[in-house]
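**Q** Quick one: structure below, then a few questions.
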Amino acid sequence: MTPQEMTEIRDKRMIAAINMEKPDRIPISLSGQGFFKWIDPTAVIADMFRRPKYIDEITLQAYKLPIIEEMDSGPMIGFTSEAFLQSFAAMYFAKMKIPGRDLPEDAIWNIDEQGPMTEEDYDTVIDKGWAYMTEELYRRIGYDPASLPPPDTEYMEAMNKKVAELGKSRYTMGALLPLPSFEVLSGARKLPNFFKDLRRMPEKVAAVIDIMNEETISRGVKAIKEGPPAVFATIGGTRAGSDFISPKVYERYYHPFFKKTITALNEINVKTWLHNDSDWSGFLHYFTEFPKKSCIFDPDHLTPMENLKKVLGDYMCIEGNIPPGLVAVGTPDECYQAARRLLDIMGDRGFIMSVGCSVPANAKRENIEAIILATLGK
């Protein structure tokens, strides 16, 4: 079978799951950044920045290993340059600590919040808009998008061809939407200050978030409409689980972003992939207000799958949810049994097998193999 034929099979499998239909088997999406260690155990995370092309090559080799090759998701190639990570951190108006320079050799990169926004800046946003404030906050943290090195298009084209030769699904990553305004503002102010603002000046915070929502959602949806055809677009969230904020805070400051974004995307026939960290059990019912099959819920391991199945199992596809710690320190049998338990809970449709959030860099190969074998029914 040719790689193109395999990609078509895997695309069909993934789309069936996303559309709440029964695929030929449950899709397996186990993305992570540390698979290269299975080829070269001496390599460390810092090598992703020191010799990225070498890491890309051995990552590709890892995806061709027996059993591992059964994964439907493809490798993350070219996403770990310092320029990319600093751009990611800048969404929170933060800086990224890089392993081998700011952190130990084999540590994962780490967002270092700067909190450049002041209380007085709420009035500036109300007067001049969020786009104006964004440029000012970039200046304060010393971030200039125009100064970043341009992507090596020739290299990426060559890598994309090699990835295509693996025959993986094209539907395990979607277009990236802006972060929810609550998230961005909490980074701009730093989390402790932001939570104080919610109590001391709730109306002003709400006014600013409303302005941010209007600007960022319209800009993000416009980019999706003008870009290549998209099956889904991804929203990341880390600071809004029901174990972290109250329903009152969620309803006023966070959920309006989802409501406006998901509604706008649904109008142009694009699904919303919700990558939501922390435990969302207490907020899951809010997502039943959206049309069925319009979203994919992708939690980390903290939201119990039983809760997701009970509340959202008839509404949207659910991805998850093996604990990352288990694939790092557990045994193959424990990982196999965890995967079988998920399959028993979720059934044969509307489910994508995955590790919560992503596969950690210290995941054991034999544990990932166990999850794959369990999903394949072997």
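**Q** Being at positive phi, of a type in the set (A, V, I, L, M, F, W, C) and in contact with a Ser or Thr (Cβ under 9 Å, 6 or more places away or on another chain), is that true of even one residue in the range 121-130?
**A** no
**Q** State all residues of the range 102-122 that are more than 22 Å from THR238 (Cα to Cα), surrounded by fewer than 16 Cβ atoms within 10 Å (Cβ to Cβ) and touching a residue at least 40 places away in the same chain (Cβ under 8 Å); if no residue qualifies, say none.
**A** Once the filter is applied, which keeps residues that are more than 22 Å from THR238 (Cα to Cα), surrounded by fewer than 16 Cβ atoms within 10 Å (Cβ to Cβ) and touching a residue at least 40 places away in the same chain (Cβ under 8 Å), the range 102-122 yields GLU105, GLU119.
**Q** Same structure again: Examine the range 181-200 for a residue that is out of contact with any helix residue (DSSP H, G or I) (no Cβ under 8 Å at 6 or more places or on another chain) and among the hydroxyl-bearing types (Ser, Thr, Tyr), and state whether such a residue exists.
**A** No: zero hits.
**Q** Further, regarding this structure: Any residue in the range 187-210 that is part of a helix (DSSP H, G or I) sitting within a Cβ distance under 7 Å of a residue that is surrounded by 14 or more Cβ atoms within 10 Å (Cβ to Cβ) and of a type in the set (S, T, N, Q)? List the pairs, counting only those 6 or more apart or interchain.
**A** Listed by first residue and then by second, the contacts come to PHE194/SER186; ILE209/SER181.
**Q** For the range 55-68, which residues satisfy the criterion of being free of Cβ contacts under 8 Å to residues at least 12 places away in the same chain and either among the charged types (D, E, K, R) or crowded, with 19+ Cβ neighbours inside 10 Å (or both)?
**A** GLU57
**Q** Something else now. Considering only the range 55-65, state which residues are within 23 Å of the chain's Cα centre (by Cα) and assigned to a loop (DSSP other than H, G, I, E, B).
**A** Of everything in the range 55-65, just one residue is within 23 Å of the chain's Cα centre (by Cα) and assigned to a loop (DSSP other than H, G, I, E, B), namely TYR63.
**Q** Can you name every residue in the range 313-338 that is among the aliphatic types (A, V, I, L, M) and buried (at least 23 other Cβ atoms within 10 Å of the Cβ)?
**A** Answer for the range 313-338, where residues must be among the aliphatic types (A, V, I, L, M) and buried (at least 23 other Cβ atoms within 10 Å of the Cβ): MET316, ILE318, ILE322, VAL327.
**Q** Let me ask something additional. Report, by residue number, each residue of the range 170-193 that is buried (at least 20 other Cβ atoms within 10 Å of the Cβ) and modelled with pLDDT of 95 or more.
**A** PRO180, SER181, PHE182, GLU183, VAL184, LEU185, SER186, GLY187, ALA188, ARG189
**Q** Give me a count of the residues in the range 66-86 that are within 19 Å of the chain's Cα centre (by Cα) and assigned to a helix (DSSP H, G or I).
**A** 5
**Q** Here is a further query. Which of the residues spanning the range 1-54 are assigned to a loop (DSSP other than H, G, I, E, B), surrounded by 17 or more Cβ atoms within 10 Å (Cβ to Cβ) and of a type in the set (Ser, Thr, Tyr)?
**A** Listed by number, the residues that qualify are SER29, SER31.
**Q** Taking the criterion of being touching a helix residue (DSSP H, G or I) at 6+ places or on another chain (Cβ under 6 Å) and not hydrophobic (A, V, I, L, M, F, W, C), would at least one residue in the range 216-224 satisfy it?
**A** No, every residue in the range 216-224 fails to be touching a helix residue (DSSP H, G or I) at 6+ places or on another chain (Cβ under 6 Å) and not hydrophobic (A, V, I, L, M, F, W, C).
**Q** Among the candidates ILE224, ILE141, ILE211, single out the residue that is modelled with pLDDT under 95 and of a type in the set (Val, Ile, Thr).
**A** Unique residue meeting the criteria: ILE224.
**Q** Still on this structure, I have one more. Could you tell me which residue of the range 87-146 is nearest to MET201 (Cα to Cα), considering only residues that are in a helix (DSSP H, G or I) and among the basic types (Lys, Arg)?
**A** LYS128
**Q** Please name all residue pairs, on different chains or six or more residues apart, with Cβ atoms under 6 Å, provided the first residue is in the range 145-174 and is touching a residue at least 40 places away in the same chain (Cβ under 8 Å) and the second residue is among the aliphatic types (A, V, I, L, M) and assigned to a helix (DSSP H, G or I).
**A** Final answer for the pair search is LEU148/ALA83; PRO149/ALA83; LYS162/LEU60; GLY167/MET6; SER169/MET14; TYR171/MET14.
**Q** Need the failing condition index for PHE287 against (1) part of a helix (DSSP H, G or I); (2) touching a His at 6+ places or on another chain (Cβ under 8 Å), just the number.
**A** Status for PHE287: all satisfied but (2).
**Q** Also: Run down ILE235, ILE262, ILE245 and say which single residue is more than 25 Å from ILE372 (Cβ to Cβ), free of Cβ contacts under 8 Å to residues at least 24 places away in the same chain and surrounded by 17 or more Cβ atoms within 10 Å (Cβ to Cβ).
**A** Unique residue meeting the criteria: ILE245.
**Q** I want to confirm something. Restricting to the range 241-273 and keeping residues that are part of a helix (DSSP H, G or I) and among the charged types (D, E, K, R), which single residue is farthest from the chain's Cα centre (by Cα)?
**A** That would be LYS248.
**Q** Also, quick follow-up: For the condition within 21 Å of GLY167 (Cα to Cα) and either in contact with a strand residue (DSSP E or B) (Cβ under 8 Å, 6 or more places away or on another chain) or polar (S, T, N, Q) (or both), what is the one hit in ASP24, ASP11, ASP72?
**A** That would be ASP72, the only listed residue that is within 21 Å of GLY167 (Cα to Cα) and either in contact with a strand residue (DSSP E or B) (Cβ under 8 Å, 6 or more places away or on another chain) or polar (S, T, N, Q) (or both).
**Q** How many residues does the range 155-186 hold that are of a type in the set (Asp, Glu) and outside any helix (DSSP H, G or I)?
**A** 1
The values are calculated or read from the model by the stated rules, or taken from the named source; none is laboratory data. Everything numeric in this text was worked out from a predicted model, so none of it was measured. In this analysis, Cβ positions are derived from the backbone assuming ideal geometry, glycine residues included, and neighbour counts consider all displayed protein chains.
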